[in-house]
Amino acid sequence: MVSGDRLNNMSNFYRFGGALLASLSRLQQRLRKPLRSLRVGSEQTGGGVVGGTGRCRLTDSERTLLERYSRFADNLPGVLFELRMDGEGHTSFPYISERVIDLCGCSAEAAMADSDVIFGLMDPTDRERIFDEAQRSRQDLSLWDSVFRINTPHNGERSLHGRSTPATHKGEDGVVTWYGYIEDVTEFQRAQDRLKQAAEVFEATREGIVITDATHHVVEVNRALSQLLGYSAREFAGKPIEQLFFPVQRETLVPAIKDEIDAAQGAWSRDITLRAKSGAPVEVEAFVTRLRNEESGAVRHVALLHDISERIKYQAELERLASFDALTGLPNRRLLTDRLDQAVAQAQRSGESFVVCMLDLDHFKPVNDSYGHEVGDEALRTVSSRLVHTLRDEDTVARLGGDEFVLVIRGYRGGDSVFKRILASLREPLRFAGISGAARVTGSLGAAVFDAGEPLDGDQLIRRADQASYRAKSSGGDRVVFFESMQAEPSGQ
């Protein structure tokens with residue numbers, strides 16, 4: 001079926017065409033000549049109708065009618081027809097206009113001689129449906145209105161729209177006559193199919209889509225965007241695009257985005273953060289295309305919004321794994337290097353010292369050997385937690401691997417109280433779920449103090465602390481040893 005707007009626009013035309021054909025049919029009956037053989041004679045011949053075996057005198061109104069018909073039929077893009085069906089369902093075309101050859105590839109004479117010339121071109125499925133519709137129209141004298149397909153050698157498959165008004169009464173032997181018009185709607189149907197397909201894609205796509213007008217007010221959204229942000233299509237309609245952003249973004253970011261989109265030639269894209277109805281942030285990658293209708297000048301912005309929340313989380317996780325130890329969650333060597341560089345730069349500016357400690361756990365191997373690696377991993381996590389809670393937020397606890405840790409203690413002013421707290425926390429028994437008894441470990445600490453008078457980088461400080469840690473372990477462990485250049489003597493804690 002063709003769209004309602006199109007039918008409404010054409011309804012008066014069909015009524016006029018049907019009335020004209022009915023009038024012509026009555027003229028044909030009076031003259032006892034088929035319409036296809038009639039033509040208006042010249043003034044010299046008295047303006048009669050020439051056709052068949054001679055000339056017949058026409059009234060002025062009949063001549064006007066015939067002239068009007070000739071002009072009407074010759075200029076129509078489609079085909080006028082008169083179709084009859086008898087009580088047994090046999091059909092014939094008493095009349096069909098000459099343009100049938102353009103539409104169906106057959107002459108009007110051939111179609112009027114045998115209606116199957118037309119019906120044989122129809123798609124078999126459509127032909128059966130058309131006959132069923134004609135039978136219903138025949139029974140109750142209702143309007144026949146249908147779209148059907150034909151296959152012609154010269155044009156291939158085409159879509160035709162037929163609309164026909166049956167006579168208000170049945171003739172002898174149940175004969176019903178239809179007066180109607182057929183037009184080629186192939187391109188219109190294709191456009192409709194494309195629109196339908198676009199609408200289905202619009203709703204079915206997993207990406208959020210929002211269409212806005214020239215002033216960046218929402219015209220339409222698809223289901224995916226409603227689901228992504230939690231607003232219904234009705235809540236979106238007519239709202240300014242600012243409503244999709246957080247208040248803090250509306251004064252600076254949104255105007256800048258509008259200017260960029262308006263200035264963009266063709267397409268614009270960037271990652272942006274939108275505000276869901278719940279107030280939660282939604283990270284999206286936006287692709288915006290600015291479209292302008294050349295005829296009307298109307299501007300539309302079509303934005304494709306790809307949810308990148310999972311990608312953002314994944315990137316954050318990759319960054320975390322790149323900088324933090326997977327087992328303990330402590331900074332790894334990469335992040336430790338950055339923290340040491342920061343500590344060196346700050347100490348050089350402020351003149352404050354800091355200390356780098358290398359910690360090697362004592363007696364950890366027996367824990368692994370006795371209880372297994374899973375318990376050993378749990379022991380490392382417990383030790384890590386104790387170290388973090390013993391130090392301050394501005395200090396750093398990093399794991400290099402195995403049972404080796406590095407501590408960076410800012411603002412060190414001498415003394416050993418912080419080291420005593422560290423070693424005391426390590427002596428606490430380690431208890432594990434499902435295992436009776438407790439494991440015990442201690443620590444060998446090597447310390448290297450940064451002195452602005454002897455500028456060292458992070459790697460040099462770690463090497464010094466490592467040497468001091470080795471001295472602590474070889475001296476029995478559970479103690480702190482300062483690097484020899486700092487003239488600290490090993491002391492048992």
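Semi-axes, largest first, in whole Å: what does sqrt of 5 times each Cα gyration tensor eigenvalue give for segment 91-217?
37, 19, 13
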Between the modelled labels at L76 and S142 (7 Å from Cα along Cα→Cβ) the distance in nm is 2.4 nm
So, with points 7 Å from each Cα along the Cβ direction, the K365-Q227 label distance in nm works out to 5.7 nm
At 7 Å along Cα-to-Cβ for each site, give me the label-to-label distance between E203 and A326 in nm.
4.6 nm
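Over 30 Å between Cα atoms: which of K277/K313; K196/K313; K313/K365 fall into that group?
K196/K313; K313/K365
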Roughly how many whole Å is it from the C-alpha centroid of segment 243-272 to that of segment 130-145?
57 Å
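Name the GluC sites (Glu not before Pro) in segment 240-343 that are in a loop by DSSP and that have at most 12 other C-beta atoms within 10 Å, would you?
E251, E294, E295
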Quick note on M358, M122, M85, ordering by fewest other C-beta atoms within 10 Å, gives M122, M85, M358
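Sorting K196, K365 on the 10 Å Cβ count, fewest up front, what's the list?
Fewest-to-most Cβ neighbours within 10 Å comes out as K196, K365.
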Using the Karplus curve 6.51 cos²θ - 1.76 cosθ + 1.60 with θ = phi - 60°, what ³J(HN,Hα) values do you get for each residue of segment 425-440, in whole Hz, with x for Gly and Pro?
5, 6, 6, 4, x, 9, 10, 10, 4, x, 10, 6, x, 9, 9, 9
Per-residue ³J(HN,Hα) for segment 368-373, Karplus 6.51 cos²θ - 1.76 cosθ + 1.60, θ = phi - 60°, Hz, x for Gly and Pro:
4, 5, 7, 10, x, 5
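First measure r as the distance between the Cβ atoms of A256 and A280, then evaluate 1/(1 + (r/R0)^6) with R0 = 22 Å and state the FRET efficiency to the nearest 0.05.
0.40
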Determine ³J(HN,Hα), in whole Hz, for all residues of segment 197-207 in sequence, where each value follows from phi through the Karplus function 6.51 cos²θ - 1.76 cosθ + 1.60 and θ = phi - 60°; x replaces Gly and Pro.
5, 5, 5, 5, 5, 4, 7, 8, 4, 7, 8
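Readers should treat all values here as calculations from the given coordinates under stated rules, not as data from a laboratory. These numbers come from a predicted model, not from an experiment. Every residue, glycine as well, gets a Cβ built from its backbone with ideal geometry; the counts of neighbours run over all protein chains shown.
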